[in-house]
Amino acid sequence: MRLTRDQAEMMQGHARAAYPEECCGVIVGPPPGEANGDPRRLRLHLLRNLQDEMHARDPESYPRTARRAFLADPFELERILREARARGEVLRGIFHSHPDEDAYFSPEDRDAAVPFGDVPSYPEAVHIVMSVREGQVRGAKVFRWDRASQDFLAGDLDVVDRT
């Protein structure tokens, strides 16, 4: 995934503001190949983490708090994706932070990405995980679904000043 410095700062600012809780958001844009590698055609949407609200309502079904999990508002996400489809765009990425943890794709991340056990809900979308320690983003990794291995493979986030 290639982002501009401003886009990366927007994503990281969201992570810093949410700390010590996890943040989440999505990236929409033209289908891969149609953007010609131009990250300026991507749109970032910062989402509110509903995990604490759901944990307070139903701690048995939602045992983790926002410190260790994120839950995006499904109605907000559907609205964003509907508007993206109307513009001919697709979901290109999902991002979230790991407070006081490394940037890795946890078993919980995989379970959320692949809720039915075999194929991700959004196989073409990358997942960006940011490590946030003491309120500062310390690194980020990109995880891309690999059909051959049926797993997510790690890569680096490419941040550019301009294209």
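Restricting region 31-48 to residues that are at pLDDT below 95 and crowded, with 17+ Cβ neighbours inside 10 Å leaves a set whose member that is farthest from Gly88 (Cα to Cα) is Pro39. A search for C-beta distances below 8 Å between a residue of region 77-98 that is closer than 19 Å to Gln7 by Cα and any residue that is among the basic types (Lys, Arg), counting only pairs 6+ apart in sequence or on different chains, returns Ala84/Arg43; Glu89/Arg43.
In region 49-60, which residue that is of a type in the set (A, V, I, L, M) and part of a helix (DSSP H, G or I) is surrounded by the most Cβ atoms within 10 Å (Cβ to Cβ)? Among residues in region 49-60 that are of a type in the set (A, V, I, L, M) and part of a helix (DSSP H, G or I), the one surrounded by the most Cβ atoms within 10 Å (Cβ to Cβ) is Met54.
Restricting Phe70, Phe95 to those that are modelled with pLDDT under 95, touching a helix residue (DSSP H, G or I) at 6+ places or on another chain (Cβ under 8 Å) and within 20 Å of Arg133 (Cα to Cα) reduces the list to Phe70. In the set Ala86, Ala125, Ala140, only one residue is of a type outside the set (D, E, K, R) and closer than 23 Å to Thr65 by Cα; that residue is Ala140.
Pick out the one residue from Arg67, Arg92 that is closer than 18 Å to Leu42 by Cβ and in contact with a Pro (Cβ under 8 Å, 6 or more places away or on another chain).
From the options Arg67, Arg92, the qualifying one is Arg92.
Restricted to region 12-60, and to residues that are basic (Lys, Arg) and without any contact (Cβ under 8 Å) to a residue 24 or more places away in the chain, which residue is nearest to Phe75 (Cα to Cα)? Checking each candidate, the answer is Arg57.
Hey, does region 134-148 have a residue that's under 24 Å from Glu78 (Cα atoms) and either acidic (Asp, Glu) or loosely packed, with under 15 Cβ neighbours inside 10 Å (or both)? No, because not a single residue in region 134-148 is under 24 Å from Glu78 (Cα atoms) and either acidic (Asp, Glu) or loosely packed, with under 15 Cβ neighbours inside 10 Å (or both). Here region 61-76 is the region considered, the condition is being outside any loop (DSSP other than H, G, I, E, B) and touching a residue at least 12 places away in the same chain (Cβ under 8 Å), and the residue that is nearest to Phe105 (Cα to Cα) is Ala72. Among the residues of region 102-121, none qualifies, meaning not one is in contact with a helix residue (DSSP H, G or I) (Cβ under 9 Å, 6 or more places away or on another chain), within 22 Å of Leu3 (Cα to Cα), among the small types (Gly, Ala, Ser) and part of a loop (DSSP other than H, G, I, E, B).
Applying the condition of being acidic (Asp, Glu) and loosely packed, with under 15 Cβ neighbours inside 10 Å to region 74-99 and asking which residue is farthest from Gly33 (Cα to Cα) yields Glu76. Looking across region 152-163 at every residue that is touching a residue at least 12 places away in the same chain (Cβ under 8 Å) and closer than 24 Å to Val114 by Cα, the one that is surrounded by the fewest Cβ atoms within 10 Å (Cβ to Cβ) is identified as Asp156.
The values are calculated or read from the model by the stated rules, or taken from the named source; none is laboratory data. Predicted, not measured: the structure shown is a model, and the values here were computed from it. When we count neighbours, we look across all protein chains shown, and the Cβ atoms used for this are built from the backbone with ideal geometry, even at glycine.
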